[in-house]
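The values are calculated or read from the model by the stated rules, or taken from the named source; none is laboratory data. What you see is a predicted model, and the numbers here were worked out from it, not measured in a lab. Cβ sites come from the backbone with ideal geometry, for glycine too, and all protein chains shown count toward neighbours. These accessible areas exclude ligands, DNA and RNA; they are computed on the full protein's heavy atoms, side chains included. Shrake-Rupley method; radii C 1.70, N 1.55, O 1.52, S 1.80 Å.
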Amino acid sequence: MPQFVGALDQGTTSTRFVVFDKDGSIVTFHQMELEQHYPQPGWVEHDPYEIIDTARTCIEHAVNKLKILGHKASDITSIGITNQRETVVTWDRLTGQPLHPAIVWSDSRTTETVKALAATDPKGVDCLRHLCGLPLTTYFSAVKLRWLLDNVPIVQQAQQQQRLQFGTVDTWLIYNLTGGQKNNVLVTDVTNASRTMLMDIHTLQWSEEAKHFFKFDQIHMPKIVSSSQIYGLVDEGSLEGVPIAGCLGDQQAALVGQKCFNVGDAKNTYGTGCFMLFNTGSAPVISKNGLLTTVAYQFGDHPPAYALEGSVAVAGSSINWLRDNLGVIEDALDLNRLASTVDSSAGVYFVTAFAGLFAPYWRDDARGTICGMTQFTRLEHICRATLEAVCYQSRAILEAMNKESGKPLRSLKVDGGMSNSDLCMQIQADVLGIHVDRPQMREMTALGSAIAAGFATGFWKSFDELALINTEGRMIFDSKITGERREAMYNGWNEAVKRSYGWATANTTTNASKAIAIVTNTAYTYVSAVNTTAVIAAAVAVVAAIAVAAAATTTATARH
C-alpha cells in the first residue's frame, strides 16, 4: 500500500497541510488564509488560537481529500512542521492560554527597544553577533519578548510568578498538537532557536550570556532539539497517534526541499518576504557584509549544517498591500498581467520598506518610497516596479554572499509564491545576470519539513535517495538584457534606496501605544477566559485605556 508524509506549513499569511508521496510529489493539500492584524503603523500581530485552529482544520480537510482519492489517514506515516520564524508567542505555563497576540517577525514596534539595548554595550548592535550570529534588530524574537516584558503588565506578572512560557510558532504548534498541558511537549528545533538571538550558535544551547543581556530570568524556554527526530504524537483528530518527526524554520525548510546539501548551494524563496540562504557547511561563518549566520538544518545526532542568510522583509506582501490597502489590483495574477503589458517600469522604483530594510542594508529608519514617477507613469509601471523591487533586493544580498564566499554564484535555485510568475523570474535573471533555476513543484518549504520527518522515521533513508526526488520539469531563466542596461537599472535602484532612509523617527505617541497595547492584552486575555464577569471588567478597562490613549495622542499632536 502507498505511504505518505504530511507537512504542516504555517506561514505568515496562510496555513496549509500538504501530503507527499515517496517521489516528493504532492498527493493532496488544503490551505487557509491567516488573518493579519495591524493595530498600529509598523505593528503586525497574529491570533495564536487562529494559528493552531487553522493548522487543525487544514489537517482534517487534507485527510478528507486523501480519503476521496481512495487512501486512508493511516497511510500518513509522520508529519513535519515548518513555520514562520522569529514570531513570538507567550503563554501561561499553568493554563496553556496565550498572554498576548503573537508578534510577527516583520513587526517593527521594537525600534526604540533596539536602540536602548544597543546603547548598553560598546559594540552596539553587534554586541551578541559573536555568540548568536545575528545583529540587534527589530527582526528577531528576543527583542520582541523584551518589548512585551517592558510594555504588557500581564506578561510582566507571568514572568514574576514564573508562569511565562516563551516560544516561537513551531513550539506553539507542537505543544498544542501533542496535547498541550496533558503531555507538555515543549521543544524548538535548532533552526528556529537560531533566530531568537538566545541560542549559542556554536554549542546549539540556550546562552546564559544572551539571557542575562536581555534580562530573561524566570522565563520558561523550550528544549532545543534537532530538525529530524520524533518529538511526540498527534493527540487528537484523524491523525491521532501519528508522530511529529520533523521541524524546520520555513527558509531552512526550503533549503532542504531544494536539496542544497553541499557547501556553496544557494536558494531564494519568494514568499511574504524573500529569503536567500547559502550553505556554508559544518562551521558557522560570521558575516562581514550584513548577512545573518544561521543553522541550516540538523538531522538526528548528525553535526549541524550552517548557512548565511539575506532577508528581504517585503516581497509577496507588497502585492497584498496593492490589493488590500490601495485596491488597485484583484490578486497576484492581476498584478502580473498588468506588469507584463509594459517592457519596463519607465524609471519608476518602488522601495518596499514598509517596516525598514533588512539585509544587507539594515536600516530600520527606511520607509516605503516610490521614486521616478512622471505624468507618463501608469498603474502598469508601478506593478512592474513592485516585482522589480524584490529582484533588486535579491541582487544586493547575492552581492554580499559573493563577497563572503569569494566565488560568485552562477546559479540560483528559486521557489515560493512569486516564483510562479515567469515575468518575475525573468526580471530576476535580468537583474542578476546568472541562471535562475525553478523546479516544477515549488512547495519547497513543505517538502523540506516532510523530508526531515521522513528521515526520522525511515521513509527516506539517505541523501542519495533524496537526490532522485522532485527532479522533473526544472526551468532555467537566463538574462535577456545587456550588462550596461542591467547596471543602469541597479544604479537607479540604489539611488531610490538612499531616498527611503530617514523617514522613521522616534514614536511621539509612546503613551498611546502603551495604552493600546494594554487594551489589546486585557481584552484578549479576559475574553479568552470566557468568563462573563471578567469580560465586563475587560470592557471597562478597554474604555478607560482608550481614553488614556486618546489623551496621549492629543498631547503628542499638540506638542507638534
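Every Cα-Cα pair of the chain was included, and the share exceeding 32 Å stands at 44 percent. What's the center-to-center distance, using Cα atoms, between region 267-304 and region 66-124 in Å? Comparing the Cα centres of region 267-304 and region 66-124, I get a distance of 19 Å. Dipole magnitude for region 246-348: computed about the Cα centre from +1 point charges on Lys and Arg Cβ and -1 point charges on Asp and Glu Cβ, it is near 260 debye. When +1 charges are put on Lys and Arg Cβ atoms and -1 charges on Asp and Glu Cβ atoms, the dipole computed for the chain relative to its Cα centre reaches about 840 debye.
Surface composition of the chain: carbon plus sulfur atoms contribute 53% of the solvent-accessible area (1.4 Å probe, protein chains only, all chains present). Annotation: aspartates and glutamates with alpha-carbon distance below 13 angstrom to LYS67 (same-chain offsets under eight excluded): ASP75. Indicate, rounded to the nearest 5 percent, the antiparallel portion of the DSSP beta bridges found entirely in region 325-483. Just about 65 percent of them are antiparallel.
For the chain, the longest stretch holding no trypsin sites (Lys or Arg not before Pro) located in a DSSP loop with at most 10 other Cβ atoms within 10 Å is which? The segment 1-287 is the longest one with no such site.
Legend: P(r) of region 28-183 from all alpha carbon pair distances, 10 Å bins from 0, whole percents, reading 10, 32, 31, 17, 8, 2, 0. Treating each Cα of region 181-237 as one equal point scatterer and applying the Debye formula with no solvent, the log10 of I(q)/I(0) at q = 0.12, 0.17 Å⁻¹ comes out as -0.34, -0.62.
Here region 334-434 is treated with +1 on each Lys and Arg Cβ and -1 on each Asp and Glu Cβ, and its dipole about the Cα centre works out to around 180 debye. Beyond a 22 Å Cα-Cα separation, which of these cross-linked pairs lie in this structure: LYS259/LYS461; LYS223/LYS288; LYS123/LYS288; LYS211/LYS288; LYS223/LYS267; LYS22/LYS65? Too far apart for the 22 Å limit: LYS223/LYS288; LYS211/LYS288; LYS223/LYS267. DSSP finds beta bridges in the chain, and of those with both partners inside it, around 70 percent are antiparallel. Ignoring the sites themselves, the chain has its longest run without GluC sites (Glu not before Pro) in a DSSP loop having at most 14 other Cβ atoms within 10 Å at 36-235.
Projecting the Cα atoms of PRO153, ALA429, CYS58 onto the charge dipole of the chain, computed from C-beta unit charges around the Cα centre, puts PRO153 farthest toward the positive end. Here, region 133-231 is characterised by an Rg to Rh ratio of 0.95, where Rg is the alpha-carbon radius of gyration and Rh the Kirkwood radius. The residues of the chain expose on average 39 square angstrom of accessible surface per residue, using a 1.4 Å probe on protein heavy atoms. Farthest toward the positive end of the dipole of the chain, out of THR178, ILE244, VAL114, is the Cα of VAL114, where the dipole comes from beta carbon charges about the Cα centre.
Only helices enter the 222 nm calculation for the chain: every DSSP H run of n ≥ 4 contributes -39,500 (n - 2.57), and dividing by all residues gives -12000 deg cm²/dmol, rounded to 500. Measure out, as a whole number of angstrom, how far apart the alpha-carbon centroids of region 186-243 and region 391-414 sit. Between the Cα centres of region 186-243 and region 391-414 lies a distance of 30 Å.
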